[in-house]
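The values are calculated or read from the model by the stated rules, or taken from the named source; none is laboratory data. None of the values given here were measured: they were computed from a predicted structure. Here the Cβ is made from the backbone with ideal geometry for all residues, glycine too, and neighbour counts use every protein chain on show. We work out accessible area using only protein heavy atoms, side chains counted, and drop any ligands, DNA or RNA first. Shrake-Rupley method; radii C 1.70, N 1.55, O 1.52, S 1.80 Å.
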Number of protein chains: 4
Amino acid sequence: MVGYAFMGAAHSQAWRTVNRVFDLPLHVRMTAVCGRDEANVAAAAARLGWQEHTTDWRSLVTRDDIDLIDVCTPGDSHAEIAIAALAAGKHVLCEKPLANTIAEAREMAAAAARAEANGVRSMCGFNYRRVPAVTLMRRMVADGRIGEIRHIRAVYLQDWITDPQFPLVWRLQKDKAGSGALGDIGAHIIDLTQFVSGQRITGVTALTETFVKERPLPQASSGLSASTEENGGSGTATGPVTVDDAALFLARLDGGAIATYEATRFATGRKNGLRVEINGSRGSVAFDFERMNELEFYDATEPSGEQGFTRILVTEPDHPYLSAWWPPGHGIGYEHAFTHQARDLVEAIATGGSPTPSFADALQVQLVLDAVIRSADHGSGWTDVEPILAEVAA
Amino acid sequence: MVGYAFMGAAHSQAWRTVNRVFDLPLHVRMTAVCGRDEANVAAAAARLGWQEHTTDWRSLVTRDDIDLIDVCTPGDSHAEIAIAALAAGKHVLCEKPLANTIAEAREMAAAAARAEANGVRSMCGFNYRRVPAVTLMRRMVADGRIGEIRHIRAVYLQDWITDPQFPLVWRLQKDKAGSGALGDIGAHIIDLTQFVSGQRITGVTALTETFVKERPLPQASSGLSASTEENGGSGTATGPVTVDDAALFLARLDGGAIATYEATRFATGRKNGLRVEINGSRGSVAFDFERMNELEFYDATEPSGEQGFTRILVTEPDHPYLSAWWPPGHGIGYEHAFTHQARDLVEAIATGGSPTPSFADALQVQLVLDAVIRSADHGSGWTDVEPILAEVAA
Amino acid sequence: MVGYAFMGAAHSQAWRTVNRVFDLPLHVRMTAVCGRDEANVAAAAARLGWQEHTTDWRSLVTRDDIDLIDVCTPGDSHAEIAIAALAAGKHVLCEKPLANTIAEAREMAAAAARAEANGVRSMCGFNYRRVPAVTLMRRMVADGRIGEIRHIRAVYLQDWITDPQFPLVWRLQKDKAGSGALGDIGAHIIDLTQFVSGQRITGVTALTETFVKERPLPQASSGLSASTEENGGSGTATGPVTVDDAALFLARLDGGAIATYEATRFATGRKNGLRVEINGSRGSVAFDFERMNELEFYDATEPSGEQGFTRILVTEPDHPYLSAWWPPGHGIGYEHAFTHQARDLVEAIATGGSPTPSFADALQVQLVLDAVIRSADHGSGWTDVEPILAEVAA
Amino acid sequence: MVGYAFMGAAHSQAWRTVNRVFDLPLHVRMTAVCGRDEANVAAAAARLGWQEHTTDWRSLVTRDDIDLIDVCTPGDSHAEIAIAALAAGKHVLCEKPLANTIAEAREMAAAAARAEANGVRSMCGFNYRRVPAVTLMRRMVADGRIGEIRHIRAVYLQDWITDPQFPLVWRLQKDKAGSGALGDIGAHIIDLTQFVSGQRITGVTALTETFVKERPLPQASSGLSASTEENGGSGTATGPVTVDDAALFLARLDGGAIATYEATRFATGRKNGLRVEINGSRGSVAFDFERMNELEFYDATEPSGEQGFTRILVTEPDHPYLSAWWPPGHGIGYEHAFTHQARDLVEAIATGGSPTPSFADALQVQLVLDAVIRSADHGSGWTDVEPILAEVAA
């Protein structure tokens, strides 16, 4: 595993747990973790349960006793690491967004397609697909339970930088993060809604905003935990915020649905408010991550006097992934989606399947992000999403 | 009162009730109701409690014993009736949207401004402003409880025409209704969010859609109650739907906020889902009409471990309008907003105040609707909202 | 109508509205209202829309132009007024609880039975039966949608006297009110749960408590609106609270269900928290008056992965009473239950039906209250509910 | 660890995770797991991550390389194992309920008190205390945020045996389980409410019921997962249910609060519905395990127009245990409470503290259960909870 901050901790919990909960044909060994700072990565290895540590990710790629490289770094290093790993015949799990540029993302998708031909698997970490309520939502939509899809409305609302004194962490710098709320959390709702609806966004009109344009330089930070007090320092030095604080866009999808999207870090009081509702001709589904063990389902084929949104508590054995966990009503948490992701990847590797979302899927999300940025940069005009090239999609 | 269908019934309930609940300097007399069909309007008068009825609205305008004309007809006749009434020195309450065209709306606003100079009052019926939870939301925002506004997200979701066999009622015909979901319910969330935020929309990018393009011709209908069975008839004759089923737009407001809006009649399972959330630098407020006696308030100045959305049950004596009603916890219903509207209008007439929303306010909403249509018609490009002309605004 | 405070206002709104909304064979005339204080009752008559007023309730009972007496006084005068009215051949609507003593209640039920034989109708005002969601709940249970009933849990939570300085209003005095939370609000959940379940309570074990035993004497008060500031006066004079602040009991019902009940005026933050849940062998229903336009229904016969509590928005035309009101999603309020009560009573009078709840039904509720008090007074021992005597029940 | 079914799996996840998430002075080694069936326990050891397995729990107690015995068996074997382990100087974590009889519980508490004097720690597994929202609720109550406590209402609602064909698993047999819903889940709400309120139950009046008195004999089952299909077998052989399906009781607490409790396995649609509300003179708190990452708090000292229940999303770094987990809004799940329990026990062992709940605390819960049973068996008469003997409490 490369990287050991927020995502690294979540992935580690998944690798530690996956064989304890699921019956799998392969057993995961947590060989080594990599980071830039020797002391920090050593501590992380001990803490998170990795057998070894290193500061040189290239050394991992060439080791014979490593089969899978898990890339949990910021987006600017994804392409280099993932492509090298794939070239070395290692399976790759790469955090989202796939890359910071379309060019890199295309290269990665091409590398993944080449590797796939050699039985080397790759997967992008859109973890929310593996929240059981989301997987169930996908299943119900695919089963036709809501009919023809008319509307999608998706928001991903956070509020961790509403304080203007919150420091200029890497997630607020374009060169490291690629974009702001858009790529960080907007990418999740793009992937999630496309996954659930089975439709792809074809065009957008968009609007982005940076409310706080200058922030104190940080002293140190990792994950999302950088607080003003810890990082703000003397407050004398500041720097420009080079990414969006919020991104809003309207979209059309290839199956006829129309959609609204909003990703923001300025929705005061909303901590991780990923909410999606889809309305179809026969019913609707709605999900709110702040209540991640619930799915709301409206069945317009029920007798009219008894229709309503049904709060399905997604904790039953016949719900996705849940037969392996606790009895009904005993909910699961955020990191379980990572364990489910690990389970599906391990199973795909063991059985020779093609795990999803593929790098090509993730490239497509990247192309939507790109269309959003282009629309926002050009007066919100309607902007078509570029196609994935045939050689890659194949 | 002119018109006696859905809006006419709601207004009648308000006029009957207003003096029974509120202490007012004037006592309302329900003199006469007007409609096109003699038999129907006679029955409506008896049912709704009007002393007389007529089929000639012009006769009402000239009567000395009538001081106020309440216009509850479809939008295509608003201008003619309201302007005639104002010219005759009658106070006017006009249902929204103010008119079907900008030209008419401008004339009405000009007529209202002239009449105002003579002490004749006019008001547009954006009733949701008078839902106590909305009025409270406005008060809290104006008091600075949420700080500087960053985000507005507003939806108005209905589902009464998802069935393709639902007939082509007047609300689906452009010549009578002006527009579809946009003018009917989108107008409400435009007015409501501008009212609550104290900011005005300056520009938009928009997308509209008509999912069902041809529908059976209706036999008869009124209000929203036209059902397929009642109206669908033989099903042989159909006609084109000439209005939008759904309208989506992004907006910027003059105080720096950015916003998303969605109005649709195809949100399966959402019956009258008017929802508004506003995020500011110090807190947030959220309202859902399906739970109209509640307001959610997030106070970011509370101790961090105790912050959360507070569900204020808006039924306390110190909440707007509610000291006149029932004890705490005994909620009110949809029509109460009309009674509150009647109360405020009667009070303004009695005391010489200027009731709001004025026709100029309603014109401004109309200009936003117009910008939405223009954007949607021109590739969703960014479209500025036209200014209200100086002579009118004054 | 006798009495014009909180209940009088709610009843007046119902009488004014019932013919405006419902098609009924009789038209209600609001002839006269009676109260003890001449000036106050005159003002109330003008305000609430009664043609005349009087301070002598006996004069109403003998008037030929009055057909129905509506008793809205405190419980200590119910028996005398209602029995006199019935004896005079007037139909009677009497507020709950039916009487302050079992003896009075028995006399009233006997008088009602005699009058019924002469075509004179009587009804007790358990208004919550006519909240559409409650009526729907009754209908679904009666239709077998939840199967055999196992559990009932009912609470009625208020908090209007948590302040020890709240004055000693009539509702806190045993001679006027009979009991405290028990008779005032506990009676409602007893009636409601028996109505919905179709079962009657056969025995109880109970616990009551008076948290604040001495309170300031009030200067004036009516309804529930007496506030400390308005009424507390100098604060020097106090008197003993002679009723319960809270009453808790467990019960068995004649159909095999077991139940918990709680009525309290000390549930801080709960304003009118009437909540009932019933669990059966095939499903469950749940209602919360603070969201009175909603009913939750769990259908255990649905596919297991799709089960959940369905939030039915009880605003559809095929829901009880609602075809007369607004379009779907446009909720109603507290007083509408009184209008529905008036509708059903008027219809019963017009058609010769027997309105429910009858005085015998109300007597049975009284007998449950009595068993609760006896159990609480005797170490919470199991206490059977006394039977209604055969002559009355017939 | 002795036992490896539902509780064993949850405890194993906790032991595996605790050092990966929390900084602790001791590092946990998962030495050995014990069960009755050789093959099954071997598989469980491999699956759950234990280094060794055995079928002889006594062998664990005498090993020098084992410091802590974790007892996850049914209640009938708790006393023997725990007392032997304590006598051997091993720290003990014992699942609830502490024992099946008061006599055993008293012996265990005495043994724990003796061991404590020698620095040997013991703790009973009332895991819900370590749900962060519950711990926060405790903290707020202790800090006086809700003032003097008036009311407690607690329910623990499940529905896993509503089907009469569900087999007669060990939890439905008195000799193994001690009691039914009462001891299994009623014990949790007794402990939780006493923990949160800081008050102890002094007396009760109770009612229990067994709705389904005869059930098919099971073929095999573990945890709560036994389903009819898996276990019902031929359906010819049945046996008597010897425990309660539901237990209801009212209680008084030593600080003046009054309370209602309900524990049932027949609340159709409620899967793990542990709900607690506490009303005090200055505010209220409410918790529902089905939304375990939320706490509702009503602050009656806020301005009256802004009061309401605040939904605190208990995922902030300054909430109990959560600085070790994920960013705000990223909720945790059921098993996390076990990890927190492990954390607190390990810390107490390392620092010489006395972990809670102690065996004496658990004995007191047992005494409440005993009073409930005695009351239910004797006509629901008021029944005092027996005191813990002085020698034990000390």
Looking only at the stretch A:167-178, and only at residues there that are buried (at least 22 other Cβ atoms within 10 Å of the Cβ) and not in a helix (DSSP H, G or I), the one that is nearest to the chain's Cα centre (by Cα): A:Gly178
Lone unmet requirement of (1) out of contact with any Pro (no Cβ under 8 Å at 6 or more places or on another chain); (2) crowded, with 19+ Cβ neighbours inside 10 Å; (3) of a type in the set (A, V, I, L, M); (4) away from chain B (no Cβ under 14 Å) for A:Ala142: (2)
Residue ID - modelled with the lowest pLDDT, chosen from residues in the stretch B:180-200 that are in contact with a Gly (Cβ under 8 Å, 6 or more places away or on another chain) and crowded, with 24+ Cβ neighbours inside 10 Å: B:Gly183
Residue match in the stretch B:257-264 (condition: modelled with pLDDT of 95 or more, buried (at least 24 other Cβ atoms within 10 Å of the Cβ) and either in a loop (DSSP other than H, G, I, E, B) or within 11 Å of chain C (Cβ to nearest Cβ) (or both)): no
Top-ranked residue of the stretch A:155-178 - restricted to ones that are farther than 18 Å from A:Asp370 by Cα and among the aliphatic types (A, V, I, L, M), ranked as farthest from the other protein chains (Cβ to nearest Cβ): A:Leu168
Pairs with Cβ under 7 Å, 6+ apart, first in the stretch C:307-324 and over 10 Å from C:Glu294 (Cβ atoms), second part of a loop (DSSP other than H, G, I, E, B) and of a type in the set (A, V, I, L, M, F, W, C): C:Gln307/C:Ala300; C:Ala324/C:Phe22
Close pairs from the stretch B:68-79: first over 15 Å from B:Ala9 (Cβ atoms) and modelled with pLDDT of 90 or more, partner among the charged types (D, E, K, R) and part of a loop (DSSP other than H, G, I, E, B), Cβ under 8 Å, at least 6 apart: B:Leu68/B:Lys90; B:Ile69/B:Lys90
Residue match in the stretch A:294-302 (condition: under 30 Å from A:Trp382 (Cβ atoms) and not in a loop (DSSP other than H, G, I, E, B)): no
Hey, D:His319 away from chain A (no Cβ under 11 Å), more than 19 Å from the chain's Cα centre (by Cα), closer than 20 Å to D:Arg139 by Cα and open to solvent by less than 10 Å² (accessible area, probe 1.4 Å) or not: yes
Leading residue by the ranking (nearest to the other protein chains (Cβ to nearest Cβ)) among those in the stretch C:20-31 that are closer than 18 Å to C:Tyr334 by Cα and touching a residue at least 24 places away in the same chain (Cβ under 8 Å): C:Val21
Test: residue in the stretch B:269-284 that is touching a Pro at 6+ places or on another chain (Cβ under 7 Å), assigned to a loop (DSSP other than H, G, I, E, B) and either closer than 25 Å to C:Trp160 by Cα or of a type in the set (Asp, Glu) (or both): no
Top-ranked residue of the stretch B:344-368 - restricted to ones that are in contact with a helix residue (DSSP H, G or I) (Cβ under 9 Å, 6 or more places away or on another chain) and more than 29 Å from B:Glu386 (Cα to Cα), ranked as least open to solvent (accessible area, probe 1.4 Å): B:Val346
Top-ranked residue of the stretch A:201-214 - restricted to ones that are within 11 Å of chain B (Cβ to nearest Cβ), buried (at least 23 other Cβ atoms within 10 Å of the Cβ) and β-branched (Val, Ile, Thr), ranked as farthest from B:Ala251 (Cα to Cα): A:Val204
Every residue from the stretch D:265-278 that is out of contact with any strand residue (DSSP E or B) (no Cβ under 6 Å at 6 or more places or on another chain) and either surrounded by fewer than 24 Cβ atoms within 10 Å (Cβ to Cβ) or facing another protein chain (nearest Cβ under 7 Å) (or both): D:Asn272
Selected residue (only one of B:Ala342, B:Ala324 is within 12 Å of chain C (Cβ to nearest Cβ) and in contact with a Phe, Trp or Tyr (Cβ under 7 Å, 6 or more places away or on another chain)): B:Ala324
Cβ-Cβ under 8 Å pairs, at least 6 apart or on other chains, the stretch D:34-53 side closer than 14 Å to D:Ile66 by Cβ, far side in a loop (DSSP other than H, G, I, E, B) and among the small types (Gly, Ala, Ser): D:Cys34/D:Gly3; D:His53/D:Gly35
Test: residue in the stretch B:322-343 that is polar (S, T, N, Q), buried (at least 20 other Cβ atoms within 10 Å of the Cβ) and at negative phi: yes
Test: residue in the stretch D:81-100 that is closer than 22 Å to D:Ile190 by Cα and either open to solvent by 30 Å² or more (accessible area, probe 1.4 Å) or assigned to a helix (DSSP H, G or I) (or both): yes
Selection count where residues are open to solvent by 50 Å² or more (accessible area, probe 1.4 Å) and touching a helix residue (DSSP H, G or I) at 6+ places or on another chain (Cβ under 8 Å), scope the stretch B:291-316: 1
Residues located in the stretch C:104-139, provided they are under 24 Å from D:Thr264 (Cβ atoms) and open to solvent by 10 Å² or more (accessible area, probe 1.4 Å): C:Arg138
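Tell me, which residue of the stretch D:1-15 that is under 20 Å from D:Lys90 (Cβ atoms) and within 13 Å of chain A (Cβ to nearest Cβ) is most open to solvent (accessible area, probe 1.4 Å)?
Ranking the qualifying residues of the stretch D:1-15, first place goes to D:Tyr4.
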Residue check for C:Leu248: within 20 Å of D:Tyr261 (Cα to Cα) and either away from chain B (no Cβ under 11 Å) or open to solvent by 20 Å² or more (accessible area, probe 1.4 Å) (or both): yes
Matching option when the condition is more than 12 Å from chain C (Cβ to nearest Cβ) and within 17 Å of the chain's Cα centre (by Cα), among D:Ala181, D:Ala133: D:Ala133
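Farther than 18 Å from D:Thr310 by Cβ and either touching an Asp or Glu at 6+ places or on another chain (Cβ under 7 Å) or more than 9 Å from every other protein chain (Cβ to nearest Cβ) (or both) - does that describe any residue in the stretch B:279-297?
First, the residues of the stretch B:279-297 that are farther than 18 Å from D:Thr310 by Cβ: B:281, B:289-290, B:292.
Then drop every residue that is not either touching an Asp or Glu at 6+ places or on another chain (Cβ under 7 Å) or more than 9 Å from every other protein chain (Cβ to nearest Cβ) (or both), which leaves B:281.
Checked against the condition, which is being farther than 18 Å from D:Thr310 by Cβ and either touching an Asp or Glu at 6+ places or on another chain (Cβ under 7 Å) or more than 9 Å from every other protein chain (Cβ to nearest Cβ) (or both), the stretch B:279-297 yields at least one hit.
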Strands (runs of 3 or more DSSP E) contained in the stretch C:26-78 and holding at least 1 residues open to solvent by 10 Å² or more (accessible area, probe 1.4 Å) and more than 27 Å from C:Gly183 (Cα to Cα): C:52-54
